[in-house]
Number of protein chains: 2
Amino acid sequence: MPEIRFLPSGIVVEAAAGTSLLEAARASGLELDSPCGGKGTCGKCIVRIVSGDADSESLGTLSRTVVAEGYVLACATRILGTPLVVEIPERSGWKGGQFTDAEEDLALVSRELLPTRWEFEPLAMKWLLDVSEPKRDEGLSDLDRLTRSFRKDWGKGEVFYPLSVIRKVADALRAEAGRVTVSLIRDGDTFRIIDVEPGDRTSRHWGLAIDIGTTTIAVQLVFLPLARPVGTRNDYNAQVSCGLDVISRINYARTPARLEELRGLALGTINALIGQVCGAHGVKPEEVANAVVAGNPTMTHLVLGLKPEYLRLDPYTPTASALPYLTAREVGIGINPESWVYFCPSVGSYVGGDITAGILCTSLVDPAAKEAEGTLSLFIDIGTNGEIVIGNHDFLMTCACSAGPAFEGGGIDCGMRAAVGAIERVRVDPETGSPAVWTVGNEKPRGICGSGMICLLSDLYLTGWMDGQGRLARDRPSPAIEVEGRRARYLLAPAEESATGKPLYITETDIDNIIRAKAAIYSACSMILGKLGLGFGDLGHLYIAGGFGRFLDIGQAIVLGLLPDLPRDRFTYLGNSSLTGAYMVLVSRDFKERMEEAADRMTYIDLGAESEYMDHYTASLFIPHTDLGRFPTVAAAKRKAR
Amino acid sequence: MPEIRFLPSGIVVEAAAGTSLLEAARASGLELDSPCGGKGTCGKCIVRIVSGDADSESLGTLSRTVVAEGYVLACATRILGTPLVVEIPERSGWKGGQFTDAEEDLALVSRELLPTRWEFEPLAMKWLLDVSEPKRDEGLSDLDRLTRSFRKDWGKGEVFYPLSVIRKVADALRAEAGRVTVSLIRDGDTFRIIDVEPGDRTSRHWGLAIDIGTTTIAVQLVFLPLARPVGTRNDYNAQVSCGLDVISRINYARTPARLEELRGLALGTINALIGQVCGAHGVKPEEVANAVVAGNPTMTHLVLGLKPEYLRLDPYTPTASALPYLTAREVGIGINPESWVYFCPSVGSYVGGDITAGILCTSLVDPAAKEAEGTLSLFIDIGTNGEIVIGNHDFLMTCACSAGPAFEGGGIDCGMRAAVGAIERVRVDPETGSPAVWTVGNEKPRGICGSGMICLLSDLYLTGWMDGQGRLARDRPSPAIEVEGRRARYLLAPAEESATGKPLYITETDIDNIIRAKAAIYSACSMILGKLGLGFGDLGHLYIAGGFGRFLDIGQAIVLGLLPDLPRDRFTYLGNSSLTGAYMVLVSRDFKERMEEAADRMTYIDLGAESEYMDHYTASLFIPHTDLGRFPTVAAAKRKAR
């Protein structure tokens, strides 16, 4: 059978003539986006034939320029009897991995909230030792002398060595006259030596912050001596093939084999990203001495192979909220197998380590913050699940709601992640209703990401081309609005302007999905405030986190009714706060303790148990809200627009 | 190819017609004793054909009774084209495993030195918990509730769970309404939960004491709730195929692959013995929660895969003397993979955990012993290495010497372990010089074990049939003494009386080996006493340990000059004190601490560095000694015998 080589991964698969490229890619473990199910209509499985011949049936769905460059649809291209080299473009998102500037998200967090030089103390350390030579009458073993030398610097305390490290000690001590570098994890008065290397290796010292999202996984490589992030890679969580949200994953995991499958899928994504980011920076994965993982409880259960079923069944009990010391070997993460994989603690069945890590990016847990004097803050993490934390230095209350993957591009016909080609901003012409679009990377549009949809819906509403229920205007004609029977759709880009050669539409069903997502978030905030006898006006600060785009226009999110109508200066956008929080824990023992203490004092509210939640939710299924009095500046803007 | 099934292991191997049974057995990993190298002359590879036909060439070397029962020599029997069932008799020793009464060695140890009921506190515990049901508002995970419930009984302290145990928690808690049994190891204030099972499993609780000798490995299964040994199995250490003593093993292990081979061989023997002893008592190996291992430093290095080379090179530094917490998974011992494998600590390059464990069987480390008032005691462990500890409650001094495997049957033509058929006692007729022999199991003799050789040489010397240099009498004829040129040999059993159908001889070379072995031990004792300005007369008590037989006649060992000429009531024979000491540590935390404290205060003397040692040794190469004044009762007995 001919060999098919896929770039940039270099993965090779043998496939029989007649197999489609989509099937071949999947057989080799590569995931290509194919929401139309291989019908050749969505254009998302675009690939480029680098060399070799293939039988491409339906090039018509791609624009001519694209075809000229060798692009084909993988689903509509069949293998002949000859070898092929096929490039999967980065823009496809899947497995290509997407590079984001490593320090970008850190820049979103207020400087005084980040660990300072004085607070840098990574969980993992490298330490240079000059161990004395063995002497005949001393009667000390190699391990004895190493431990003595270590204790000279670090005092008493139990020192543990795994067998794999003990096996390296004798030769390491003799290679450079007793000069060795030990890697270790300090845990109170206990020191776990996780590596011993000859000579001075203190500058080869890395850690990983890992954010395991339901939809997206991000891995950040950090140079620990300077607490500096050197690179970040993110990709879809390969589990998405088994369900889009946590409930469908839990349902999928109902047999041990399927649980193991989900575990393997998440680890596959994580380890591939580790390989990419380490490879790009000349780091061997086994040089990574520590990983800090933040994920929601379902993701944490699945990646650890813990049966998630009881999370879904009353009384919704997780197997573990805080996890003990686990090694990379046990967890299956491809770094130094003896290193510690620390999981940020969960608070409730649906509020996890992504949130306890995330609030490190807020003043809620900053002992130095001015807000200590009782000012109330709200933290919202908008992902496939939406999580909310409200409180101050006296109390912290948290809850989660299911927003669905709409803001990450899921469940929307032309939705996508904020990768190259994603429409991230839209301007609707008030006169004609026609859109002007801006994409990530300024390339031809391939789809629309979360920030683009917020932008679009806000503009359509203010310009009157869509009403508060999400119905597109039918009373006056627009070249962008196509009505078919009872449903209408909005043309974002005609076929000739899109990267896929197909027109990009937002349907009223898509709009409904967005409205439901924003209603879930807003009503959860509203309800939790109500429980405290408070309103949005009582909030001194709002922190918004999430992966729905590279930036978030707070004003437009208010118009949509996703965020409350408050002065803009009360809002801070944090980006991926889960990853940033994991980074802070990785580099600072103080921040780890700060987070654990915060997790302990967080009160978890189960929205499912609150009867008012449905009332709040229903009232929010309107743009911006059924009670327009809650959104005075939106009402004013609307009046002005008329 | 026909299938050959070996009993009692049940191992099946396919072998071509014409292959010898010895080759087939070895191909299947079974070791048969074959010192003659398959020439059909030693008779040690005796096996029994249970069913099937084979071509046996040289049945002549076996007695007729044996042949009638279906016994053949494996080396001289060739496979025909048909299947065979072949039994390897237990008496062959190799792999058959030999059962010894589990409590036999314990009975040799003074009752007041064994842990009492009040001191029973195994390193591993099983604990029954009734864990509360999960409640919605409590916000406690399964692990939280389990840990709380545990702490109610055990107070604060860190509780660790390996991931493999966390995976079992959710279902275990729900199987019997929260009633679970946890297995745990307490290590100071740290608790390591190594298993969680539904319901009450506290009565399924076992530990293992393991003695890894250079020649023999012994495994004892202990029922921990009652601290009762339930069975012991021992077998040759499979490493013997790579060298008979520690130095040849160290030389063999000079490449990583060969080190790994030696590690695998020792683990193979250990795990096979575990399978046998557990199987015989209806215990699943994974129900074993703890193992305590005692072995000399070389054996410890090899079984852990630690490069032993530096033990042999000046300054003879071991990689580790005391080992940190190691799991069965890391070590490769086939019990609960999370359980602790504790290694008794070493003291010097050649004094190991077998000795630190062994001295628990003596009053040297018994805080309650009367000898505390300064009385000096000597502990001698006679094996392939001989180790000596001398001291009292104020000091402990130790050294090791290389005795060679003679007392365990190695390097002696018809030598063997104290298994069925071994001559363990001999009486020489003063008039004729002819022997009367007694064997283990009262079966026909197959060889002679350590205690038999001590008996024989002592009697030959006292009766004048052998002189002090180990020369057999040539001046008067005996039917038992055959002179050939310059060398003579002693007939222990003629062909028609031996189990192998071959005569059993002790040659003058064999006698030399025994004399060298006893000289090494005696001179080491003598020298270490000399260093202290003391003589044997200053010793209040002597403890003799070793695997050279089921019993040791102290008087005869004195005649041979192996032991000093002191009143018999000062001697105690301990049998396998290494195994008994490991048992004590397994069942009593107090005894573990007692041993560790003793190891810390032991001073190691390197005999190789002592110039007088060779003088002492040379003076001891005589029966009983060149200085007969040291052995007044032997001199008197000799005079009387004349």
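Are there strands (runs of 3 or more DSSP E) fully within the range A:425-525 with at least 3 residues that are of a type outside the set (Ser, Thr, Tyr)? List them. If you could, list the steps in order and put the result at the bottom.
Values: elements: A:435-439, A:481-484, A:487-493, A:504-507.
Filter on the range A:425-525 gives A:435-439, A:481-484, A:487-493.
Taking the options B:Leu579, B:Leu586, B:Leu574, B:Leu566, name whichever one is assigned to a loop (DSSP other than H, G, I, E, B), away from chain A (no Cβ under 14 Å) and of a type in the set (A, V, I, L, M, F, W, C).
Working: B:Leu579 fails: assigned to a loop (DSSP other than H, G, I, E, B); B:Leu586 fails: assigned to a loop (DSSP other than H, G, I, E, B); B:Leu574 fails: assigned to a loop (DSSP other than H, G, I, E, B).
Selected residue: B:Leu566, the only one of B:Leu579, B:Leu586, B:Leu574, B:Leu566 that is assigned to a loop (DSSP other than H, G, I, E, B), away from chain A (no Cβ under 14 Å) and of a type in the set (A, V, I, L, M, F, W, C).
Among the residues of the range B:390-413, is any at pLDDT 90 or above, within 17 Å of B:Val246 (Cβ to Cβ) and out of contact with any Gly (no Cβ under 9 Å at 6 or more places or on another chain)?
No, the conditions are met nowhere in the range B:390-413.
If you go through the range B:10-29 one residue at a time, do you hit one that is modelled with pLDDT under 80, assigned to a loop (DSSP other than H, G, I, E, B) and surrounded by 19 or more Cβ atoms within 10 Å (Cβ to Cβ)?
no
Mind checking which residues of the range B:115-148 are of a type in the set (S, T, N, Q) and within 14 Å of another protein chain (Cβ to nearest Cβ)?
Answer for the range B:115-148, where residues must be of a type in the set (S, T, N, Q) and within 14 Å of another protein chain (Cβ to nearest Cβ): B:Ser132, B:Ser141, B:Thr147.
I want to confirm something. Restricting to the range B:425-453 and keeping residues that are touching a helix residue (DSSP H, G or I) at 6+ places or on another chain (Cβ under 6 Å) and surrounded by 24 or more Cβ atoms within 10 Å (Cβ to Cβ), which single residue is nearest to B:Leu621 (Cα to Cα)?
For the range B:425-453, the residue satisfying everything is B:Met453.
Mind checking which residues of the range A:235-259 are among the polar types (S, T, N, Q) and either farther than 14 Å from A:Thr216 by Cα or modelled with pLDDT of 95 or more (or both)?
A:Ser248, A:Asn251, A:Thr255
Just need a number here: residues in the range B:288-343 that are in a loop (DSSP other than H, G, I, E, B), under 25 Å from B:Thr384 (Cα atoms) and within 11 Å of chain A (Cβ to nearest Cβ).
Taking the range B:288-343 and keeping what is in a loop (DSSP other than H, G, I, E, B), we get B:296, B:305-308, B:313-326, B:332-339.
Within this subset, residues satisfying the condition of being under 25 Å from B:Thr384 (Cα atoms) are B:296, B:305-308, B:313-323, B:333.
Among the residues that remain, those that are also within 11 Å of chain A (Cβ to nearest Cβ) are: B:305-308, B:313-323.
Selection size over the range B:288-343: 15.
If you check B:Gln220 against the conditions, is it buried (at least 22 other Cβ atoms within 10 Å of the Cβ) and not in a strand (DSSP E or B)?
No.
Kindly provide the set of residues from the range A:573-631 that are closer than 25 Å to A:Leu529 by Cβ and among the β-branched types (Val, Ile, Thr), ordered by number.
A:Thr603, A:Ile605, A:Thr618, A:Ile623, A:Thr626
Return the residue satisfying two criteria in turn: it lies in the range A:595-613 and is touching a Lys or Arg at 6+ places or on another chain (Cβ under 9 Å) and outside any loop (DSSP other than H, G, I, E, B), and of such residues it is nearest to the other protein chains (Cβ to nearest Cβ). Reasoning before the result, please.
Initially, the range A:595-613 is screened for residues touching a Lys or Arg at 6+ places or on another chain (Cβ under 9 Å), giving A:605-606, A:609-610, A:612.
Then keep just the ones that are outside any loop (DSSP other than H, G, I, E, B); that gives A:609, A:612.
Values: A:Ala609: 7, A:Glu612: 17 Å.
In this case the residue turns out to be A:Ala609.
Given the criteria within 13 Å of chain B (Cβ to nearest Cβ), at pLDDT below 95, closer than 27 Å to A:Val389 by Cα and over 21 Å from the mean Cα position of the chain (by Cα), does A:Leu376 qualify?
Spelling it out, it is not the case that A:Leu376 is within 13 Å of chain B (Cβ to nearest Cβ), at pLDDT below 95, closer than 27 Å to A:Val389 by Cα and over 21 Å from the mean Cα position of the chain (by Cα).
Looking only at residues that are aliphatic (A, V, I, L, M) and more than 8 Å from chain A (Cβ to nearest Cβ) in the range B:167-180, which one is nearest to the chain's Cα centre (by Cα)?
Selected residue: B:Val180.
Give just the number: which of (1) buried (at least 18 other Cβ atoms within 10 Å of the Cβ); (2) away from chain B (no Cβ under 13 Å) does A:Arg151 not satisfy?
Failing condition for A:Arg151: (1).
Looking only at residues in the range B:618-642 that are part of a helix (DSSP H, G or I) and closer than 25 Å to B:Thr362 by Cβ, which one is nearest to the other protein chains (Cβ to nearest Cβ)?
Only one residue tops the list, namely B:Arg630.
What number goes with the only condition from (1) at pLDDT 95 or above; (2) closer than 30 Å to B:Thr398 by Cβ; (3) surrounded by fewer than 24 Cβ atoms within 10 Å (Cβ to Cβ) that B:Leu323 does not pass?
(3)
Criterion first (at pLDDT 95 or above and either among the aromatic types (Phe, Trp, Tyr) or surrounded by fewer than 23 Cβ atoms within 10 Å (Cβ to Cβ) (or both)) does A:Leu457 satisfy it?
no
Residues B:Ser164, B:Ser183: which one is more than 11 Å from chain A (Cβ to nearest Cβ) and within 24 Å of B:Ala291 (Cβ to Cβ)?
B:Ser183
When you check B:Tyr522 against the structure, is it touching a strand residue (DSSP E or B) at 6+ places or on another chain (Cβ under 9 Å), in contact (Cβ under 8 Å) with a residue 24 or more places away in the chain and not polar (S, T, N, Q), yes or no?
In short, no.
For (1) under 18 Å from B:Gly383 (Cα atoms); (2) crowded, with 24+ Cβ neighbours inside 10 Å; (3) in the same structural domain as B:Leu460 (by TED's automatic domain parsing), each residue gets a yes or a no:
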residue: B:Ala557; (1), (2), (3): yes, yes, no
residue: B:Leu566; (1), (2), (3): no, no, no
residue: B:Thr572; (1), (2), (3): yes, no, no
residue: B:Asn576; (1), (2), (3): yes, yes, no
residue: B:Leu579; (1), (2), (3): yes, yes, no
residue: B:Ile605; (1), (2), (3): no, no, no
residue: B:Ala636; (1), (2), (3): no, no, no
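For the range B:52-81, enumerate the residues that are modelled with pLDDT of 75 or more and surrounded by 13 or more Cβ atoms within 10 Å (Cβ to Cβ).
Selection gives B:Gly52, B:Ala54, B:Asp55, B:Val72, B:Leu73, B:Ala74, B:Cys75, B:Ala76, B:Thr77, B:Arg78, B:Ile79, B:Leu80.
Quick one: is B:Tyr350 among the aromatic types (Phe, Trp, Tyr), under 26 Å from B:Arg254 (Cβ atoms) and out of contact with any Gly (no Cβ under 7 Å at 6 or more places or on another chain)?
Yes.
Mind telling me which of the residues B:Arg329, B:Arg425 ends up being out of contact with any Cys (no Cβ under 8 Å at 6 or more places or on another chain) and of a type in the set (Lys, Arg)?
Testing whether each residue is out of contact with any Cys (no Cβ under 8 Å at 6 or more places or on another chain) and of a type in the set (Lys, Arg) leaves just B:Arg329.
Being buried (at least 18 other Cβ atoms within 10 Å of the Cβ) and more than 18 Å from B:Gly464 (Cβ to Cβ) is the filter here; which residues of the range B:476-503 pass it?
B:Leu492, B:Ala493, B:Ser498, B:Ala499, B:Thr500, B:Gly501, B:Lys502
The values are calculated or read from the model by the stated rules, or taken from the named source; none is laboratory data. Values in this document were obtained by computation on a predicted structure and should not be read as measured data. As a convention, Cβ positions derive from the backbone with ideal geometry for all residues, glycine included, and neighbour counts pool all protein chains shown.
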